[in-house]
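Asks: Have a look at this one.
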Amino acid sequence: MMLPALRNLSLIEEFDYNFIKHALYKYKNPRVKINDLLKKGKIIRVKKGLYVFGPELAREPYLKETLANLIYGPSYISLEYALSFYDLIPERVEIITSVTDKRNKFFNTPVGIFSYRYINPSIYSYGITLCDLDKYHSILIATREKALSDILYFLDKMTDKSQIEKYLSENLRLDMEALIDFNLRKIKNLARLYGHNVNLFYHLLKEMK
């Protein structure tokens, strides 16, 4: 019986085609077996070449944040989902929002919806951090400062600091007191890269400090 071997070979719930092909190497045609496992719900295809274990074989919940990094890359989690991840906004964000230096993409998968926004490669890499979720999972995610800067970057130009403040408090329902803990130097550096809206935010934050 190959299923216990398949399950025991993986310490995590997310795996790719090369892993499952290796785990099923004793089969003459691993693709036939993979299709059979998919039909029976033993494994779930997230997208071509990327899978998670189905309910019968799962030991832990799969991690959508890990899948977000794997579905389309290079990319890092950011925007509204990152703000929710850091408990900066009250709403639970269902769509996993990421930023990429490739084309915009949108994936509606059996395990969730994943959205990717393009940003210029020249400003892509500053402010990304590697966050450990547990012993086996690490994800690329924007810092709090970069996640908020990404949101402001994608908005139309705002007129002044008061408009920025209103957007943060009313549209995003951001925890404004939490902004006190933002790193002013990081925001200043991001403002140089991102331009107008983030520069307004920098001056707003400077007044709040």
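Asks: Filter the range 23-41 for residues that are loosely packed, with under 14 Cβ neighbours inside 10 Å and either assigned by TED's automatic domain parsing to the domain that holds Ser138 or under 28 Å from the mean Cα position of the chain (by Cα) (or both) and give the result.
Replies: Correct list: Gly41 only.
Asks: Okay, next question. With more than 30 Å from Leu38 (Cα to Cα) and assigned by TED's automatic domain parsing to the domain that holds His196 as the only criterion, which of Tyr116, Tyr124 stands out?
Replies: Tyr124
Asks: Quick check: is even one residue across the range 154-162 exposed (fewer than 12 other Cβ atoms within 10 Å of the Cβ) and among the acidic types (Asp, Glu)?
Replies: Scanning the range 154-162 turns up at least one residue that is exposed (fewer than 12 other Cβ atoms within 10 Å of the Cβ) and among the acidic types (Asp, Glu).
Asks: OK, next. Considering only the range 59-106, state which residues are acidic (Asp, Glu) and within 16 Å of Ala142 (Cα to Cα).
Replies: Listed by number, the residues that qualify are Glu65, Glu80, Asp87, Asp101.
Asks: To continue, here is another question. For the range 26-122, which helices (runs of 4 or more DSSP H) that fit wholly inside it have 1 or more residues that are at pLDDT 95 or above and over 21 Å from Leu174 (Cα atoms)?
Replies: The helices (runs of 4 or more DSSP H) meeting that bar are 30-39, 64-71.
Asks: Can I ask one more? Consider Thr100 against the criteria (1) buried (at least 19 other Cβ atoms within 10 Å of the Cβ); (2) polar (S, T, N, Q); (3) outside the structural domain of Glu145 (by TED's automatic domain parsing): it satisfies all of them except one. Which criterion is unmet?
Replies: Thr100 satisfies all of (1) buried (at least 19 other Cβ atoms within 10 Å of the Cβ); (2) polar (S, T, N, Q); (3) outside the structural domain of Glu145 (by TED's automatic domain parsing) except (3).
The values are calculated or read from the model by the stated rules, or taken from the named source; none is laboratory data. Here the structure is a predicted model, which means the values were calculated and not measured. Counting neighbours? That spans all protein chains shown, and the Cβs are built from the backbone with ideal geometry, glycine included.
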